[in-house]
């Protein structure tokens, strides 16, 4: 079998940030890397779960909501994927991700989709942990530009 694209990225040199992982037709996959690969610190499942609910809710309710295809965690628990239509420019994707991080950092309230009938694991949430992740990533992306979207060799 052919090696998938995400396995061809050198994870030894990958740093926190936002990168274009791949482009498939009109779909752009962004790698939002929140923890250093194999660094010993990973996203906790509860914080990542809450982060996902907040990120997806904010992104899909933004002015660009119709261009958001997917927001979800990486299996390795070092970040999230954001899949968009290519009609969302790279500048808009960065701005949306930055605004999402600020929203998560500052969020106080009921976690969206956190009722038993809405979520498959509604008891496994950590709002404080999600807020800390949002704050950390907001700082990382504060001055991020389209020039930073390429993986470093």
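A short reminder: the numbers here are calculations on the coordinates, not readings from a lab. Treat the numbers as computed from the prediction; the structure is a model and nothing was measured. Glycine gets a Cβ as well: all are built from the backbone with ideal geometry, and neighbour counts include every protein chain shown.
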Review point. With the chain treated as a Gaussian network of Cα nodes joined by springs under 10 Å, which of 120, 66, 79 yields the largest mean-square fluctuation?
Key: 120
**Study point:** Per-pair calculated FRET efficiency, R0 = 22 Å: residue 77 and residue 12 via Cβ, rounded to 0.05
**Key:** 0.80
Study note, to complete from the structure: Computed over the chain: longest principal axis from alpha-carbon atoms vs helix 90-106 long axis, angle to nearest 10 degrees, is 30
Practice item. Measure nothing fancy, just the Cα-based angle from helix 127-141's long axis to the longest principal axis of the chain, in degrees from 0 to 90, nearest 10. Key: 30
Check your understanding: Using the alpha-carbon atoms, what tilt in degrees (0 to 90, nearest 10) does helix 45-61 show relative to the longest principal axis of the chain?
Key -> 80
Practice item. Classify region 45-112 as rounded, prolate or oblate from the Cα gyration tensor: take a ≥ b ≥ c as the square roots of its eigenvalues, call it rounded if a/c is under 1.5, otherwise prolate when a/b beats b/c and oblate if not. Key: oblate
Review point. Could you list, bin by bin from short to long, the percent of Cα-Cα pairs of region 14-153 in 5 Å steps?
Key: 2, 11, 21, 24, 22, 13, 6, 2, 0, 0
Study note, to complete from the structure: Taking r as the C-beta separation of residue 41 and residue 151 and R0 as 30 Å, the FRET efficiency to the nearest 0.05 is 0.90
Exercise for review: Under a 10 Å cutoff between Cα atoms, tell me which one of 59, 93, 139 has the largest fluctuation in the Gaussian network model of the chain.
Suggested key: 139
Exercise for review: Would you mind computing Rg(Cα) / (2.2 N^0.38 Å) for region 1-87, counting N as its residues?
Suggested key: 1.12
Point to revise | In nm, spacing of pseudo-spin labels at residue 95 and residue 116 (7 Å Cα→C-beta vector) | key: 4.3
Study note, to complete from the structure: If each part is reduced to its alpha-carbon centroid, region 95-153 and region 13-74 end up apart, in Å, by 9
Point to revise | Burial ordering of 85, 98, fewest other beta-carbon atoms within 10 Å first | key: 85, 98
Review point. Tell me, 18, 137, 1 in order of fewest to most beta-carbon neighbours within 10 Å?
Key: 1, 18, 137
